[in-house]
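Peer 1: Let me begin by handing over the structure; questions about it come next.
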Amino acid sequence: MSPVNPFDDATAARAVVDASGTLRAWNEGARLLLGHTAAEVVAGPAAALLADGPAAAPPPPGEDRWSGTLELRHRDGHRVPVWVLAHRRPAEQGEAGDWLVVSPLDHGPQQPDDPLVRAALTQSPCATMIFDESLRLRGINDAMARLTELPPDRLRGLRPTDIGGRPQNAELEKRMREVLASGRAADLQTYYQAPGETRAHAWQAQISPLTDSAGRVRGVCVSAHDFTEQHLARERLQLVNQASVRIGSTLDVTRTAQELADVCVPTLADFVSVDLLDALEHGESAGLPGPPVPLRRAAHRSITPGCPEAVARPGRLDHYPAGSPQAESLLTGRTVVSAVPSGDLDRWRAWDPIRVSRIEEYGIHSTMSVPLQARGTTLGIAVFARYRHPCAFTHDDALLAEEVTARAAVCIDNARRYSRERETTLTLQRSLLPRTLPASPAVETASRYLPAARSGVGGDWFDVIPLSGMRVAMVVGDVVGHGIQASATMGRLRTAVRTLADIDLTPDELLTHLDDLVVRLSEESGDDGAGETGATCLYAVYDPVSRRCALARAGHPPPVLVPPDGPPELVEMASGPPLGVGGLPYESAELELREGSVLAFYTDGLTGGGESGYAGLPAGGTGASDGLTRLREALARPGGSLEAACDRVLDTLLPPGGIEDDVALLLARTRGLTASQVATWDVPADPALVAPIRKQVVEQLAAWALVETSFTAELVVSELVTNAIRYGSPPIRLRLIHDAVTLICEVSDASHTAPHLRRARTWDEGGRGLLLVAQLTQRWGSRHTPEGKTIWAELDLLGET
């Protein structure tokens, strides 16, 4: 059967009347009923067809359907009593406000002997309608008549779209045509408020073909089943499932609260707000205060864009008085359901008239306050409100809200605990890293440290350590893992490096001692050498006098060298194993650096190399190689200070959305001391020649315009040279180094025996020399060299002047 235009079908009289009462359409059925042709009545007033006026009341304002009997006048003048069904047409079928007016032409009584009607009424257990091949209604049972609230004997011959103007009727008619064409049953599910219902229900229409004895499809049977309970149960299960997936996607408190509100709108409520108790500085809940209860808005969500019904903005702190649903729910720990029509919120009028006006403006009729509780702690409150949803909150709704908020509360508590631990670790990390880098005549430095965005603070560190002879040590390292344990291990290693640097060990010797320390730490922590407590490290010592730099690395990425007038290049140097492996040697490399060269030290979080490898370049394959290439490109860009270069490197290499591993970056630009700042003498091993050496020192200080410090320097030089002649071995060498603030005296000899400071007794003839040196200088010490040892002392020129 080919489909026909429902309006043109002559089995029923149909007309369209616009909002002004003008006839806009007239079909052949209407002509058969009243005798008027379309050309005679279209564009004229519909009231002209009435005999003496309406015989039934017109549709009330706001209603979408009206039915009743009208006295109409036939074209030949006689009166025709007509039962009329009128309903507003869907927007897609006409202009806004148009009414479709229908009257069945075949409205005689049902024939109980009709086989189609008899089959449908005897086999259907629920509300049922029967349509023939032309989709004209042949009959309905009592259950369907109660739902439609229309007389069954008046509906014969009408189509589904004649009976109702809602989109569901059009979809039903479409499905019925498909069943007629295919002969296979179909289902249609919809949420719909039938005329005979007080609220909308979930309906499932089962559309079944009706066949004759020959198997030919002669019509369709539509059976409507109310499956509201199953529909609601499915929605609740889906909401719980969505909550488990969508809530807690991050460890951010505000984001988690917003996810809770997003999940519940519009499935459970038309508006949801989440208010939390403020946390203490260390991250724990401030407890349950007495009323008025202070709650800070964390998030909200509305079915209306922009959340116009919200009184509080996110971040605002409100105090809820005793008797308010929020305070009652928070203090009792149970859900409070309030119905506005019953007066449950009347006490709010005096407390917050603005909030009450919003309730009245948007027609909020039901609210539900649910406490957010996790691990025995109350974190805040979630408030659910309905105004578009016609039904008040039920006991099942409260149980569903409690289950969803319980999941969200655990996620919020996890986020708060993570924030507390992260802040504690960050505080520890900042306290263990140098706040400022020391000024040094040997290098100009700049640094950056960035903690990981997700995995927590790690064990990356860097340091700049002044050494004797105006030398400087630079170190960068990375402890395995993240969190407080990694930060604590980092602090211990940084302290150990400073201690070992103080005794002027070579880079390879220092890493060997540091490796032994990490092995002991691993054993103490019970790791049994499994490498849980491990680290990588790069240690370098730069001498501004010789302009040479000695380096050694333990599984750490090599530095990048930027010459004053050349492209950046990766320093080629051997790599020892990471710290904590134990038993394997480290090798030092030595570079000669021109003044103005820049060394870039970094951890593998910057280049994306992951955990460093045991030898060669850092592990990570293509990612590490790409990172190193981009690092060299960023360092090659001209201009700016080292601080600007640090920012440029981070902007180039790090993604905008946060980093997975923490990052340490240290840039050092080398300086050199000129020959005029260094004076050297070879000292004969003869005590009688100490006086001429003192005289030469005084002359050199006068040439440097350091006359004010000559007396102190002469005493220090005399004592150090005399000790070297008396207790050391030739050759003996004296060296003076100075810059704007420091004068350094160094005496070197071939003996490996280091002097010890001691306090001489009253009648001792010696033992006071080094004590005198310690009193006259800013600091002093000794260091071993491949040829022997060097005793050094620093004088503060600013203090002298």
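Peer 1: So, of the residues in region 430-458 that are basic (Lys, Arg) and in a loop (DSSP other than H, G, I, E, B), which turns out to be nearest to PRO558 (Cα to Cα)? Steps first, answer last, please.
Peer 2: Applying the first criterion (basic (Lys, Arg)) to region 430-458 yields 430, 435, 448, 454.
Pick out the ones that are also in a loop (DSSP other than H, G, I, E, B) and you get 435, 454.
Working: ARG435: 25, ARG454: 27 Å.
By that ranking, first place goes to ARG435.
Peer 1: Quick check on my filter: what residues within region 349-372 are crowded, with 20+ Cβ neighbours inside 10 Å and either in a strand (DSSP E or B) or touching a helix residue (DSSP H, G or I) at 6+ places or on another chain (Cβ under 6 Å) (or both)?
Peer 2: SER366, THR367, MET368, SER369, VAL370, PRO371, LEU372
Peer 1: Check off (1) without any contact (Cβ under 8 Å) to a residue 60 or more places away in the chain; (2) surrounded by fewer than 17 Cβ atoms within 10 Å (Cβ to Cβ); (3) within 21 Å of VAL336 (Cβ to Cβ) for GLU403 and give me the number that stays unchecked.
Peer 2: (1)
Peer 1: Being more than 16 Å from THR405 (Cα to Cα) and either of a type in the set (Asp, Glu) or not in a loop (DSSP other than H, G, I, E, B) (or both) is the filter here, so list the residues in region 319-331 that pass it.
Peer 2: Here is the first cut: in region 319-331, the ones more than 16 Å from THR405 (Cα to Cα) are 319-325, 327-328, 331.
Scanning region 319-331 gives HIS319, TYR320, PRO325, ALA327, GLU328, LEU331.
Peer 1: Quick check on LEU432: is it in contact (Cβ under 8 Å) with a residue 12 or more places away in the chain and closer than 23 Å to THR536 by Cα?
Peer 2: Spelling it out, LEU432 is indeed in contact (Cβ under 8 Å) with a residue 12 or more places away in the chain and closer than 23 Å to THR536 by Cα.
Peer 1: Could you list all residues from region 661-703 that are assigned to a loop (DSSP other than H, G, I, E, B) and surrounded by 13 or more Cβ atoms within 10 Å (Cβ to Cβ)?
Peer 2: So in region 661-703, the residues assigned to a loop (DSSP other than H, G, I, E, B) come out as 661-662, 671-674, 684-686.
ASP661, ASP662, ARG671, GLY672, LEU673, PRO684, ALA685, listed by residue number.
Peer 1: A further question on this structure: Could you list, in sequence order, the residues of region 144-167 that are surrounded by fewer than 16 Cβ atoms within 10 Å (Cβ to Cβ) and either in the same structural domain as GLY68 (by TED's automatic domain parsing) or closer than 17 Å to HIS225 by Cβ (or both)? Walk me through it before giving the result.
Peer 2: Step one: of region 144-167, the residues surrounded by fewer than 16 Cβ atoms within 10 Å (Cβ to Cβ) are 146, 149, 151, 153, 167.
Residue satisfying the conditions is ARG146 alone.
Peer 1: So which pairs qualify, if the first residue must be in region 578-606 and free of Cβ contacts under 8 Å to residues at least 60 places away in the same chain, the second must be in a helix (DSSP H, G or I), the Cβ gap must be under 6 Å, and the two must be at least 6 apart or on different chains?
Peer 2: From residues that are free of Cβ contacts under 8 Å to residues at least 60 places away in the same chain, the pairs are LEU606/LEU653.
Peer 1: Given the criterion at pLDDT below 85 and either in a loop (DSSP other than H, G, I, E, B) or not assigned by TED's automatic domain parsing to the domain that holds ASP508 (or both), identify the matching residue among VAL721, VAL773, VAL747.
Peer 2: Values: VAL721 fails: at pLDDT below 85; VAL747 fails: at pLDDT below 85.
None of the others qualify; the one that does is VAL773.
Peer 1: If you go through region 689-717 one residue at a time, how many are under 15 Å from GLN775 (Cα atoms) and polar (S, T, N, Q)?
Peer 2: Within region 689-717, residues that are under 15 Å from GLN775 (Cα atoms) and polar (S, T, N, Q) number 2.
Peer 1: Same structure, new question: Tell me, yes or no, whether region 203-226 has at least one residue that is surrounded by fewer than 15 Cβ atoms within 10 Å (Cβ to Cβ), of a type in the set (A, V, I, L, M) and either out of contact with any helix residue (DSSP H, G or I) (no Cβ under 7 Å at 6 or more places or on another chain) or at pLDDT below 80 (or both).
Peer 2: First, pick out the residues of region 203-226 that are surrounded by fewer than 15 Cβ atoms within 10 Å (Cβ to Cβ): 211-216.
Narrowing further to those that are of a type in the set (A, V, I, L, M): 214.
Cutting the leftovers down to either out of contact with any helix residue (DSSP H, G or I) (no Cβ under 7 Å at 6 or more places or on another chain) or at pLDDT below 80 (or both) gives us 214.
The answer is yes, given that some residue of region 203-226 is surrounded by fewer than 15 Cβ atoms within 10 Å (Cβ to Cβ), of a type in the set (A, V, I, L, M) and either out of contact with any helix residue (DSSP H, G or I) (no Cβ under 7 Å at 6 or more places or on another chain) or at pLDDT below 80 (or both).
Peer 1: Turning to a different aspect of this structure: In region 148-180, which residues are assigned to a helix (DSSP H, G or I) and within 12 Å of SER134 (Cα to Cα)?
Peer 2: First pass over region 148-180, keeping only residues assigned to a helix (DSSP H, G or I): 148, 152-154, 160-163, 167-180.
Correct list: PRO160, GLU173, MET176, ARG177, LEU180.
Peer 1: To continue, here is another question. Conditions: (1) within 15 Å of the chain's Cα centre (by Cα); (2) within 30 Å of PRO160 (Cβ to Cβ); (3) of a type in the set (Ser, Thr, Tyr). SER223 meets all but one. Number of the miss?
Peer 2: Here SER223 clears every test but (1).
Peer 1: Okay, next question. Would you mind telling me which numbered condition in (1) under 30 Å from SER676 (Cβ atoms); (2) in a loop (DSSP other than H, G, I, E, B); (3) touching a helix residue (DSSP H, G or I) at 6+ places or on another chain (Cβ under 8 Å) VAL581 fails?
Peer 2: The one condition VAL581 does not meet is (1).
Peer 1: Here is a further query. If GLU284 meets every condition in (1) at pLDDT 90 or above; (2) charged (D, E, K, R); (3) exposed (fewer than 15 other Cβ atoms within 10 Å of the Cβ) apart from one, which number is that one?
Peer 2: Unmet condition: (1).
Peer 1: Only one residue in ALA322, ALA392, ALA398 is surrounded by 15 or more Cβ atoms within 10 Å (Cβ to Cβ), closer than 24 Å to LEU277 by Cβ and assigned by TED's automatic domain parsing to the domain that holds LEU277, so which one is that?
Peer 2: Values: ALA322 fails: surrounded by 15 or more Cβ atoms within 10 Å (Cβ to Cβ); ALA392 fails: closer than 24 Å to LEU277 by Cβ.
The match here is ALA398.
Peer 1: List pairs: first residue in region 406-426 and at pLDDT 80 or above, second residue surrounded by fewer than 16 Cβ atoms within 10 Å (Cβ to Cβ) and part of a helix (DSSP H, G or I) anywhere in the structure, Cβ distance under 7 angstrom, at least six positions apart or on different chains.
Peer 2: Once the first residue is at pLDDT 80 or above and sits in region 406-426, its partners that are surrounded by fewer than 16 Cβ atoms within 10 Å (Cβ to Cβ) and part of a helix (DSSP H, G or I) give ARG407/SER244.
Peer 1: Check off (1) modelled with pLDDT under 90; (2) touching a Pro at 6+ places or on another chain (Cβ under 8 Å) for ILE381 and give me the number that stays unchecked.
Peer 2: Tallying (1) modelled with pLDDT under 90; (2) touching a Pro at 6+ places or on another chain (Cβ under 8 Å), ILE381 fails exactly one: (1).
Peer 1: Hey, does region 445-455 have a residue that's buried (at least 22 other Cβ atoms within 10 Å of the Cβ) and either under 23 Å from ALA243 (Cβ atoms) or out of contact with any strand residue (DSSP E or B) (no Cβ under 9 Å at 6 or more places or on another chain) (or both)?
Peer 2: Checked region 445-455: no residue is buried (at least 22 other Cβ atoms within 10 Å of the Cβ) and either under 23 Å from ALA243 (Cβ atoms) or out of contact with any strand residue (DSSP E or B) (no Cβ under 9 Å at 6 or more places or on another chain) (or both).
Peer 1: Residue check: is ARG420 surrounded by fewer than 21 Cβ atoms within 10 Å (Cβ to Cβ), touching an Asp or Glu at 6+ places or on another chain (Cβ under 9 Å) and part of a helix (DSSP H, G or I)?
Peer 2: Values: surrounded by fewer than 21 Cβ atoms within 10 Å (Cβ to Cβ): yes; touching an Asp or Glu at 6+ places or on another chain (Cβ under 9 Å): yes; part of a helix (DSSP H, G or I): yes.
Taking the combined requirement at face value, the residue satisfies it.
The values are calculated or read from the model by the stated rules, or taken from the named source; none is laboratory data. The structure presented is a predicted model; accordingly, all values stated were derived computationally and were not measured. As a convention, Cβ positions derive from the backbone with ideal geometry for all residues, glycine included, and neighbour counts pool all protein chains shown.
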